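Trainee: Structure provided below as structure tokens; questions to follow.
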Amino acid sequence: MTEALVEQALDEDEDAIEQLVELAKTNPGELELYLPRLLEGGVLWPPTLFRSLDADSKAEIIARLDATEEEEWYSLLLVLAFARGAEVEAAFRRWTTAPPPGVTVPMVYRCMLEAGWLFDDLGRDGAPAEHSAVPGPPRELYGATAYRLVPDGEMETLADVPCPWCRSPMWVALDVDTADPRVAEALAHTGWSGRLRITTCFLCACYTTTYAEVGTDGSARWSDHTVRPEWVKDKEPEQPAGFRLALGERHPNRYAADPWNEGGSALGGDPDWIQDAHVTWCPGCGHAMDYVGMAGSADLYEHGDGAYYLFLHAACGLAGIEYQQT
């Protein structure tokens, strides 16, 4: 089965590539023996295929990038960034000051960020900062484990706290507490301790990144950092209708989020982007925010399309909400 899919993928069969992507999510190790063939055949996208790439292949890519300007340098950098490993981290740390031929330092950072990690000496807005004498370990932006967020009763809204743009009741996108060991595990990478309640406008969050000021006591309010696009016109208030998402059982692995199908919402783990990967910056300090989880519209209401991606920067007490749809 896998052998046939690989052959079809090498013939540029997009359906076969999609099936391999799903296999890489459910059982990354299943593809390990086939990944060198995909690399040799020029199948470099999506980079999530290569999470279980072997050490020899990683070393070969690093050597190629160091030696000459590669036409596919961006795809190769992303392959390495998702594959990880000590040798990859060492190469990326070196490239943050001396990038490969034809590669810019900001793009080195961008590839790390898309794969969910960066070095602790990253400066504001992704600009390189001075390296410490003893470099610290990479900072993980994604959770090491993921738990299901499952429909549980009616969607929670705040009638007395309307959206400042459309006056619709605010939506409670997430309400969890690290007193629950599952939450503490899923959010360990964020450094958050206490209740985390993220609110936004269910409607206006579809137009731009929205931010909320959050506290460990569960307080949450619309942040003035949220910038209204000029093209967003006044709308009539609307009562959001759908389901509340509550914490459920553990997903089989950290890659199990699925924005297209029911049961794909998750707390923690890695994001599964509908469109391009999006790095969300903290509007308070300019550093990358940690990914918290995803509320898929398929779990929020019948025939739902799209997903809300939730982010947090604990140090600034700010949460961010990104929306994507097909």
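The values are calculated or read from the model by the stated rules, or taken from the named source; none is laboratory data. Everything numeric here is computed off the predicted structure, so don't read it as measured data. As a convention, Cβ positions derive from the backbone with ideal geometry for all residues, glycine included, and neighbour counts pool all protein chains shown.
Trainee: Among the strands (runs of 3 or more DSSP E) contained in the stretch 204-295, which hold 1 or more residues that are outside the structural domain of Thr48 (by TED's automatic domain parsing) and among the hydroxyl-bearing types (Ser, Thr, Tyr)?
Mentor: Numbers: elements: 210-214, 220-222, 243-250, 266-268.
Because the criterion is at least 1 residues that are outside the structural domain of Thr48 (by TED's automatic domain parsing) and among the hydroxyl-bearing types (Ser, Thr, Tyr), the strands (runs of 3 or more DSSP E) in the stretch 204-295 that meet it are 210-214.
Trainee: Looking at the stretch 204-230, which of its residues are aliphatic (A, V, I, L, M) and more than 17 Å from Asp160 (Cα to Cα)?
Mentor: Narrowing the stretch 204-230 to residues aliphatic (A, V, I, L, M): 205, 212, 214, 220, 227.
Across the stretch 204-230, the qualifying residues are Ala205, Val214, Val227.
Trainee: A further question on this structure: Please specify each residue of the stretch 82-106 satisfying the condition of being at pLDDT 90 or above, surrounded by 14 or more Cβ atoms within 10 Å (Cβ to Cβ), part of a helix (DSSP H, G or I) and hydrophobic (A, V, I, L, M, F, W, C).
Mentor: Across the stretch 82-106, the qualifying residues are Phe82, Ala83, Val88, Ala91, Phe92, Trp95.
Trainee: Which one of the conditions (1) among the hydroxyl-bearing types (Ser, Thr, Tyr); (2) touching a helix residue (DSSP H, G or I) at 6+ places or on another chain (Cβ under 9 Å); (3) over 27 Å from Pro259 (Cβ atoms) does Tyr74 fail to meet, given that it meets all the rest?
Mentor: The number of the failed condition is (3).
Trainee: Taking the condition of being of a type in the set (Asp, Glu) and surrounded by 21 or more Cβ atoms within 10 Å (Cβ to Cβ), how many residues in the stretch 273-296 meet it?
Mentor: Qualifying residue count for the region: 1.
Trainee: Taking the stretch 258-282 as the region of interest, how many residues are under 15 Å from Ile198 (Cβ atoms) and at pLDDT below 95?
Mentor: Summing the residues that are under 15 Å from Ile198 (Cβ atoms) and at pLDDT below 95 in the stretch 258-282 gives 2.
Trainee: Starting from the stretch 302-326, take each residue that is outside any strand (DSSP E or B) and list its partners that are acidic (Asp, Glu), counting only C-beta distances under 7 angstrom and pairs at least six apart or across chains.
Mentor: Here the result reads Gly317/Glu213; Gln325/Asp305; Thr326/Asp305, each pair linking the stretch 302-326 to a residue that is acidic (Asp, Glu).
Trainee: To continue, here is another question. Look at Ala159 and say whether it is free of Cβ contacts under 8 Å to residues at least 12 places away in the same chain and not in a strand (DSSP E or B).
Mentor: Working: free of Cβ contacts under 8 Å to residues at least 12 places away in the same chain: yes; not in a strand (DSSP E or B): no.
No.
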